[in-house]
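The values are calculated or read from the model by the stated rules, or taken from the named source; none is laboratory data. Every value quoted in this text rests on a predicted model; they were computed, and no experiment measured them. As a convention, Cβ positions derive from the backbone with ideal geometry for all residues, glycine included, and neighbour counts pool all protein chains shown.
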Amino acid sequence: MPWIEICATDDIDEEDVIRFEHNDSLYAVYRGPQDDYFCTDGLCTHEDVSLADGLVMDYIIECPKHNGQFDYRTGAAVRAPACRNLRTYKVRVEAGNVLVELP
């Protein structure tokens, strides 16, 4: 699977999320509170709303529509109405850039 360069590390604020599209799919990339980076599918599993418009708190992303929550490190749905987990993708930082391994 190819590694795709998404952005510079400084393009994502601490405890924030950005969206990106690749091959007609939407993804979300997060910067955690310890300058760690993660990637999940970009749409809430409850109603297909962009998670990049949600609120990031610690390692949780909250969907902006119905406040379902996910642990973006694992993709686990942790608060209803979200009940299906998000897919997660490997992330690495190289030369100040965030790269994601995508199928």
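Tabulated results
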| item | result |
| --- | --- |
| Filter result (within 18 Å of residue 79 (Cβ to Cβ) and either part of a loop (DSSP other than H, G, I, E, B) or not aliphatic (A, V, I, L, M) (or both)) within the stretch 11-37 | 15, 30 |
| Residues of the stretch 64-85 satisfying the condition of being within 9 Å of the chain's Cα centre (by Cα) and surrounded by 17 or more Cβ atoms within 10 Å (Cβ to Cβ) | 72, 75 |
| The stretch 63-82 residues that are more than 15 Å from residue 41 (Cα to Cα), paired with ones that are of a type in the set (Asp, Glu) and at pLDDT below 95 (beta carbon under 9 Å, 6 or more apart) | 65/47; 66/47; 81/47 |
| Selection count where residues are out of contact with any His (no Cβ under 7 Å at 6 or more places or on another chain), aliphatic (A, V, I, L, M), on the phi < 0 side of the Ramachandran plot and not in a strand (DSSP E or B), scope the stretch 49-103 | 5 |
| Neighbours by Cβ (under 6 Å, 6+ apart or cross-chain): first from the stretch 85-103, farther than 20 Å from residue 71 by Cα; second small (Gly, Ala, Ser) | 96/8; 97/8 |
| Candidate set from the stretch 94-103 (those that are within 15 Å of the chain's Cα centre (by Cα) and modelled with pLDDT of 95 or more); member that is surrounded by the most Cβ atoms within 10 Å (Cβ to Cβ) | 98 |
| Meets criteria (assigned to a strand (DSSP E or B), out of contact with any Pro (no Cβ under 8 Å at 6 or more places or on another chain) and buried (at least 18 other Cβ atoms within 10 Å of the Cβ)) for residue 40 | yes |
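Here's the yes/no breakdown for (1) of a type in the set (A, V, I, L, M, F, W, C); (2) in contact with a Lys or Arg (Cβ under 7 Å, 6 or more places away or on another chain); (3) under 17 Å from residue 99 (Cβ atoms); (4) at pLDDT below 95:
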| position | (1), (2), (3), (4) |
| --- | --- |
| 6 | yes, no, yes, no |
| 19 | no, no, yes, no |
| 32 | no, no, yes, no |
| 43 | yes, no, no, no |
| 50 | no, yes, no, no |
| 53 | no, no, no, no |
| 78 | yes, no, no, no |
| 85 | no, no, no, no |
